[in-house]
Amino acid sequence: MAEEKMRILKMLSEGKITPEEAEKLLNAVETNEGEPVSGRSLSESFENKYLYVLIEPNEGKSAERVSVKVPFALMKAGLNIAGLIPKDAQDKIQSSMNEKGINFDLGNINPANIQEIMTALEELTIDIEADDSTIKVYCK
Amino acid sequence: MLPMIFWIKVRSTDASFWFFIPLILLYLLLIIPMILCGIAYLFMLLAPEETKQARTYMMFVFKSPWLISAAKGTEITVHSNDADVKMFIK
């Protein structure tokens, strides 16, 4: 348990998470005190959480309304599976991504990073106002 | 708990219908490739260095039920002037 708390504090000191996120994670760890410590203890806090993407037409526009609800568990599974991509294929993907200006290292995907990504996603809210429609992305 | 049903509901001005696909069918279909991959994996272990990359790809097959299971709760809804379409995994 102390190990998990130290890891959270380290992430906070490195600026990888905000103080609010650190508090949430510490609370989650404390809630699970007394229970066997496993990699699932923190991830269980993501159960019943979803990423929503809503596309609403603006007034006077007859565009379609779209709503997508994706469970956090699916995103986490996707990230875990991305971590299984062999080194050779990863290098090709990496170079293609770099060409497009996306500086994301697939080789860095590990359980600790996935946890960080999922924690950061919890706070995610994106609002895009376009001419025809409004796009909202949020987690709940 | 694995997701069991994939629903599609369509409601339009002309006609409305819905249907579902029990995902147990998908799991049953996956059993055969998984068994074959399991056997192939064991043979590949005889030459671990040469088959390292191929074995990594096989992990995708072994992890596929887990990915399908994680899709439980996914919903896609499209509303238009003429029709509403809703797809979800329950």
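Return a whole-number percent for the relative contact order of segment B:7-90, with Cα pairs under 8 Å and 6 or more residues apart as the contact set. Intermediate values should be presented prior to the final figure.
Values: 75 pairs, mean separation 34.0, N = 84.
Contact order relative to length: 40 percent.
Taking label points 7 Å from Cα along the Cα-to-Cβ direction, B:Leu28 and A:Ile135 give a separation of 4.1 nm. Restriction of the GluC sites (Glu not before Pro) in chain B to DSSP coil positions whose beta-carbon has at most 12 other beta-carbons within 10 angstrom yields B:Glu49, B:Glu50. Each label was represented as a point 7 Å from its Cα along the Cα-to-Cβ direction; for B:Ile8 and B:Ile35 these points are 3.0 nm apart.
Return the loop-located GluC sites (Glu not before Pro) in segment A:65-140 (DSSP other than H, G, I, E, B) with at most 13 other Cβ atoms within 10 Å of their own Cβ; answer none if there are none.
Here the sparse-neighbourhood loop sites are A:Glu123.
Give me the net charge for the shell around A:Lys136: Cβ to Cβ below 13 angstrom, other residues only, Lys and Arg +1, Asp and Glu -1. With Lys, Arg at +1 and Asp, Glu at -1, the neighbours total 0.
For segment B:73-79, 3J(HN,Hα) computed residue by residue from phi via the Karplus equation (6.51, -1.76, 1.60; θ = phi - 60°) reads x, 5, 9, 10, 10, 10, 10 Hz, glycine and proline entered as x.
Counting Cα-Cα pairs of segment B:5-89 in 10 Å increments starting at 0 gives whole-percent bin shares of 15, 31, 22, 17, 11, 4, 0. The string of couplings for segment B:27-42 from the Karplus curve (6.51, -1.76, 1.60, θ = phi - 60°) is 5, 5, 5, 6, 4, 4, x, 5, 5, 4, 5, x, 5, 4, 4, 4 Hz, one whole number per residue in order, with x for Gly and Pro.
Quick note: the coordinates plus some simple rules give every number you see, no bench work behind them. What you see is a predicted model; the values in this text were computed from it and never measured. Heads up, the Cβs are rebuilt from the backbone with ideal geometry, glycines too, and the neighbour counts pull from every protein chain shown.
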